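The structure under discussion appears below in the form of structure tokens.
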Amino acid sequence: MTQNGTTRTATIRVQRFNPDVDAKPTLREYQVQVSPDTTVLDALETIKATQDGSLTYRRSCRHAICGSCAMNVNGKNTLVCNKPLREVLDRKGRATIRPLPYLPIIKDLVVDRSQFWEQYLRVKPWLIPPADVPEAEFRMTPAEVAALRDAEKCIMCGACYSSCQVVALRQAYVGPHALLKMYLRVLDPRDSAPEERLVEIGGDDGVYRCHTIFNCIDACPKELNPTAAIETLRKLAQKRAAFARERAERQQTLAMPAPVAPGAEMPADIEG
Amino acid sequence: MTLTTSEPEIVHDILIVGAGLAGTWAALAASQAGVTNIGVLSKLHPLRSHSGAAQGGIAAALNNVRPVAGTGPRGPLEARPETDDPIDSWELHMFDTIKGSDWLGDQDAIEIMVKEAPEIIYEYEHMGCVFSRVPDGRIAQRRFGGHSAPRASFSADYTGHVLLHTIHEQALRHGVQFYPEWYCLDLIVEDNVCRGLVAMEILSGRLVTMRAKAVLFGTGGYGRAWRITSNATANTGDGVAIAYRAGIPLMDMEFVQFHPTGLYKKGILMSEACRGEGGYLVNGLGERFMEKYAPDKMELAPRDLVSRSEQTEIEEGRGIGDDREGIYLDMTHLGAEKIMKRLPQVRELALNFAGVDIIEGPAPIQPTAHYSMGGIPADADGQVIADAEGTPVLGLFAAGECACISVHGANRLGTNSLLDASLFGRRAGKAMAVFVKNGAPLQPVRGKPAEQSAARLAGFMADAPGEPESVAAIADALKDTMQRNAGVFRTAERLQRALTDIKALQERFARARIQDRSRRFNTDLLAAIETEHLLSFSEVIVVSGLARTESRGAHFRTDFPKRDDDQWLRHTLAHTNGADGPRLSYKPVTIFWDRYPPQERKY
């Protein structure tokens, strides 16, 4: 690694593979200039624009919200758009970028997420609202909203799925992303089908398949906790009939003003 | 290599291009109205669409929140007791939007939008959106620039993300068929009738003619024509360029909003909250320069005014950074505690993208191309129109940022974009369903359009005479000239320079070749097509801006610094005209003279 003021040269090793022509994946090396604000994605964009137009990867938003650019950098799944390059360079100024593991490779860093999306579809990710819908909003309490906050942040990037050893061994497992989505639905007071959902994910390839290895937590670029969500779903699955009764009862009052606790505050982020 | 074309073609009742809020709402609404055979193409996976990047909120006069009595309009917010008088109304929302638009917005369309706004928020809520709430369970609302009441429903600072996932899930529930990572190459329009399109399956490189009774474009904005932009890399204005090539005029393309706080050199948006929480804008001399431009509102002045103030400092040599094109956004005086509590995402953004901790030092920022007000002319049902007389292009619809309806006129208010995309997407979906159910036929397609498209793409891989040009280098040069000459400040001289540059780049582009010659997932080819699009509509932006000798909203001409209603209270329509470049015509603005006559736009 050479130093020159604030910029220096880094060596980026990228796994290349086009299944139409290559027998197996190979690593190719590129040199790029790095400044303190260079991200891993910036390095890929520079290589593609100035050295090798055939380098293939997905990206779009550039700030960790669209979920396109999950890859494996130095053995760890991450989004590359908000990952500073300086954080992943070793002492010799090198970093290695590979596609998300365990998934079929389409080309270079682009993986086939079909199975990931099939599992997402399989759990019916959509809300199933009550038959009677009020003219205005359902009255969810701030506490009910807070319980869903983390699960709704999931950007479906696949970093957790592709780090999950259970997925690697058993493709029928629905996976951490789909179970986190189920947590979002099951715990939503507006959802009318918690019992059916808990039956579905209480089966062979659902919540009990998770071995609590915690890889998904380490991999998640949004710092979410699918394992904890799976734990909660396990508990609910064991008392699903009672939970469904509670839900039906809650929905009786869902269109009415929620009781306001004394000293209840406005949401903290209302000014932001 | 040659790209393969495949027959038979794919046929749907309705085809939608773009799977953001506008496209997906259109699909859902048409499906709910009974159309079962709907296809939605997106060059990304639908959940990667740029609608998901919107942070702040979605506007509607719900009246759930008000400032505490006696604390003034910026006072602390409380839930409005349901029995108290409302403080907000669609009329107020309408006035704010018209004023924000600098009176270029069409008031009939704005009226539809603000009246239907509450309904669409409630629909989102019923479909599963997790909005923030006030204690009694109503949807919470925050303030936003240019809105005279707290009107923005929100989910923390990822509102667009939550809306996008919710609507996508519901479209899946209704059996809408998605074509993820399919790229629309050409629109087939003959005799003012849309017959379908040509698309490429990105995975295989296969080109297919797709026919439909109705086609909707919801393809998003065109901010990637500037070097500094908050837009996703996907926002290359594909839809507007494709429509333009098919003979559809483009409307008000000169109007592009520059947000004042994009990260220096990256353009990524730093939330409006940085200024809301009390951040200072400081120039290279350490001066808090907003004193000169807006002594009362200071940093809280409207977006376009702050962007122009920053740009003045930069152009007069008082910028920061190695090219002096930056400004400091200083939040250090807020202290670590407030920053950690109120601006954690902003801090993370600055750390990751600029290597700066805003607790310890100022963040470098600059104005960033943010929102495209112009686009494909359409009415409030999404029906695309071919001219100033309103002649419809039969079977073609548009909604969202690629469309110009025009509800934002010369400048959009924050939180009105999610509303526009959702609401007019839904209206267009309903209108297409009526169109189809009223017996619209599948129109015949002449010739072999997929083969024509394939021949055009083959040009990027053919042997070039002499040294081939680099697509990326041409795109860079275009973004540079747009940044310097068609940005926050424009003059006849600058725009002329941009036009000369664009013409030269278009010529160079004829010799551009790509390196990736494979069929499979060829992103090098996509970049070439996208760059062709940038070169095409950038010319329209510059020509339209050159003709408009006034300053209105986001279009600021330093050589014509005043708004000129006598001459320019009208929409620009740019028609494709072969090698001669765009031919301009004009269309009157719909104004309710008795209710909202033009006034000075003063904050």
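The values are calculated or read from the model by the stated rules, or taken from the named source; none is laboratory data. For clarity, every value in this text was computed on a predicted model and none was experimentally measured. FYI the Cβ positions are ideal-geometry reconstructions off the backbone, even for glycines, and counts take in every protein chain you see. Note: areas computed on protein heavy atoms with side chains; ligands, DNA, RNA excluded. Shrake-Rupley method; radii C 1.70, N 1.55, O 1.52, S 1.80 Å.
Simple point charges give the picture: +1 on the Cβ of Lys and Arg, -1 on the Cβ of Asp and Glu, and for region A:56-114 a dipole about the Cα centre of about 180 debye.
Order these peptides, B:45-55, B:114-124, B:170-180, by their mean beta-carbon neighbour count within 10 angstrom, highest first. It would help to have the intermediate numbers written out before the result.
Values: B:45-55: 26.4, B:114-124: 21.5, B:170-180: 19.9.
My ranking of the peptides, most packed first, is B:45-55, B:114-124, B:170-180.
Per residue of peptide A:62-73, the mean number of Cβ atoms on other chains within 10 Å of the residue Cβ is 6. Here's the picture: charge each Lys and Arg Cβ at +1 and each Asp and Glu Cβ at -1 in region B:441-545, and of B:I541, B:A472, B:A512 the one pushed furthest to the positive end of that dipole is B:I541. In region B:25-132, Cα pairs under 8 Å separated by at least six residues give a relative contact order of 21 percent.
For chain B, calculate the relative contact order in percent as a whole number, restricting contacts to Cα pairs under 8 Å that are 6 or more residues apart. Could you put the intermediate results ahead of the total?
Numbers: 1396 pairs, mean separation 126.2, N = 603.
In percent, rounded to a whole number, it is 21.
What is the packing order of peptides A:23-30, B:403-410, A:66-73, B:449-456, taking the mean over residues of other C-beta atoms within 10 Å and listing the highest first? Please report the intermediate quantities before stating the final value.
Details: A:23-30: 11.4, B:403-410: 28.8, A:66-73: 26.0, B:449-456: 19.0.
Packing order, densest peptide first, comes out as B:403-410, A:66-73, B:449-456, A:23-30.
The 3J(HN,Hα) values that the Karplus relation (6.51, -1.76, 1.60; θ = phi - 60°) gives for region B:446-460 are, in residue order, 8, x, 10, x, 5, 5, 4, 5, 4, 5, 5, 5, 4, x, 6 Hz. Gly and Pro appear as x. Reducing region A:1-70 and region B:284-329 to their Cα centroids gives an inter-centroid distance of 34 Å. The mean number of Cβ atoms from other chains found within 10 Å of a Cβ in peptide A:132-145 is 6, as a whole number. The mean sequence separation of alpha-carbon pairs under 8 Å and at least six residues apart, normalised by the residue count of region A:14-148, gives a relative contact order of 23 percent. Here region A:1-156 is described by how far its Cα atoms reach on the three principal axes: 65, 42, 24 Å, from widest to narrowest. With Cα atoms defining each centre, region A:167-220 and region A:73-116 are spaced 25 Å apart in the structure. Ligands, DNA and RNA are left out, and with a 1.4 angstrom probe the accessible area of region A:1-87 is 41 Å² per residue.
Label sites at B:E507 and A:D204, each approximated as a point 7 angstrom past Cα along Cα to Cβ, lie 6.9 nm apart. Rg/Rh for region A:184-272 (Cα atoms only, Rh after Kirkwood) is 1.07.
In this structure, A:R13 and B:Q496 have a Cβ-Cβ separation that, at R0 = 45 Å, corresponds to a calculated FRET efficiency of about 0.45.
Using a 1.4 Å probe over the heavy atoms of the protein chains, calculate the carbon and sulfur portion of the accessible area of region B:46-114 as a whole percent. Could the numbers behind the result be given before it?
Working: 1260 of 2330 Å².
C and S atoms contribute 54 percent here.
Would you please give the residues with an amide H less than 5 Å from that of B:V589, counting only those at least 5 places away or on a separate chain, with H modeled from the backbone geometry? For B:V589, the qualifying residues are B:H571. Using only Cα atoms and rounding to the nearest 10 degrees, what angle (0 to 90) does helix A:176-186 make with the longest principal axis of chain A? That helix lies at roughly 20 degrees to the long axis.
Chains A and B: buried accessible surface, both sides, probe 1.4 Å, rounded to 100 Å²? Display every interim value, and only then the final one.
Values: alone 14930 and 22680 Å², together 31400 Å².
What A and B bury together is about 6200 Å².
Between A:A131 and B:H174, the modelled labels are 2.2 nm apart [label points 7 Å from Cα along Cα→Cβ].
How charged is the neighbourhood of B:K292? Take every other residue with its Cβ under 13 Å from the Cβ of B:K292, and add Lys/Arg as +1 and Asp/Glu as -1. Kindly include the intermediate steps, with their values, before the conclusion.
Values: positive: B:R288, B:K297, B:R308, B:R318; negative: B:E287, B:E291, B:D296, B:E299, B:E310, B:E313, B:E316.
Every neighbour counted, the sum reads -3.
Which shape class, rounded, prolate or oblate, goes with the protein assembly as shown when its Cα gyration tensor gives a ≥ b ≥ c as root eigenvalues, a/c under 1.5 marks rounded, and past that a/b bigger than b/c marks prolate? Before the final figure, lay out the partial values.
Values: a/c = 1.18, a/b = 1.06, b/c = 1.12.
Rounded.
These residues, A:T141, B:T576, go from largest to smallest accessible area, 1.4 Å probe, as B:T576, A:T141. Counting Lys and Arg as +1 and Asp and Glu as -1 over every other residue whose Cβ lies under 10 Å from the Cβ of A:V110, the net charge comes to +1.
The magnitude of the dipole of region B:1-83, with charges of +1 and -1 set on the Cβ of Lys/Arg and Asp/Glu and taken from the Cα centre, is near 480 debye.
Separation of region B:409-452 from region B:140-169 is 24 Å, based on Cα centroids. Which of these, A:E87, A:E45, A:E200, has the largest mean-square fluctuation under a Gaussian network model of chain A (Cα springs below 10 Å)? Top of the fluctuation ranking is A:E87.
Hey, got the average number of other protein chain Cβ atoms within 10 angstrom for residues in B:312-325? Mind dumping the intermediate values first?
Numbers: counts 0, 0, 0, 0, 0, 0, 0, 0, 0, 0, 2, 0, 0, 0.
For peptide B:312-325, the averaged partner shielding equals 0.
Identify, among A:V167, A:L100, A:V88, the residue whose Cα sits farthest towards the positive end of the charge dipole of region A:76-186, taking +1 on the Cβ of Lys and Arg and -1 on the Cβ of Asp and Glu, with the dipole about the Cα centre. It is A:V88.
Rounded to the nearest 0.05, the FRET efficiency derived from the C-beta distance between A:D269 and B:V68 at R0 = 25 Å is 0.90.
What is the calculated FRET efficiency for A:K24 to B:D594, with r their C-beta to C-beta distance and R₀ = 56 Å, to the nearest 0.05? The partial results should precede the final answer.
Details: r = 74 Å, r/R0 = 1.32.
Efficiency for this residue pair is about 0.15.
If the chain linking B:A473 and B:R324 were pulled fully straight, counting 0.36 nm for each residue of separation and taking away their Cα-Cα distance, it would gain 51.3 nm.
Could you give the accessible area per residue of region B:14-64, probe 1.4 Å, as a whole number in Å²? Please list the in-between numbers first.
On the way: 850 Å² over 51 residues.
Heavy-atom accessible area per residue stands at 17 Å².
Rounded to the nearest Hz, the phi-derived 3J(HN,Hα) couplings of region A:148-155 under the Karplus curve 6.51 cos²θ - 1.76 cosθ + 1.60 (θ = phi - 60°) are 9, 3, 5, 4, 7, 7, 4, 9, where x marks glycine and proline. Tell me the angle of helix A:226-238 to the major Cα principal axis of chain A, expressed in degrees between 0 and 90 and rounded to the nearest ten. Relative to chain A, helix A:226-238 is tipped by roughly 30 degrees.
Extension gain for B:A464 to B:E348 (0.36 nm times residue separation, less C-alpha to C-alpha distance): 37.1 nm.
Under a model in which nothing but the beta-carbon of Lys, Arg (+1) and Asp, Glu (-1) is charged, region B:329-429 shows a dipole of about 320 debye around its Cα centre. Using a simple spin-label model with pseudo-atoms 7 Å out from Cα toward Cβ, A:T50 and B:K338 lie 4.1 nm apart.
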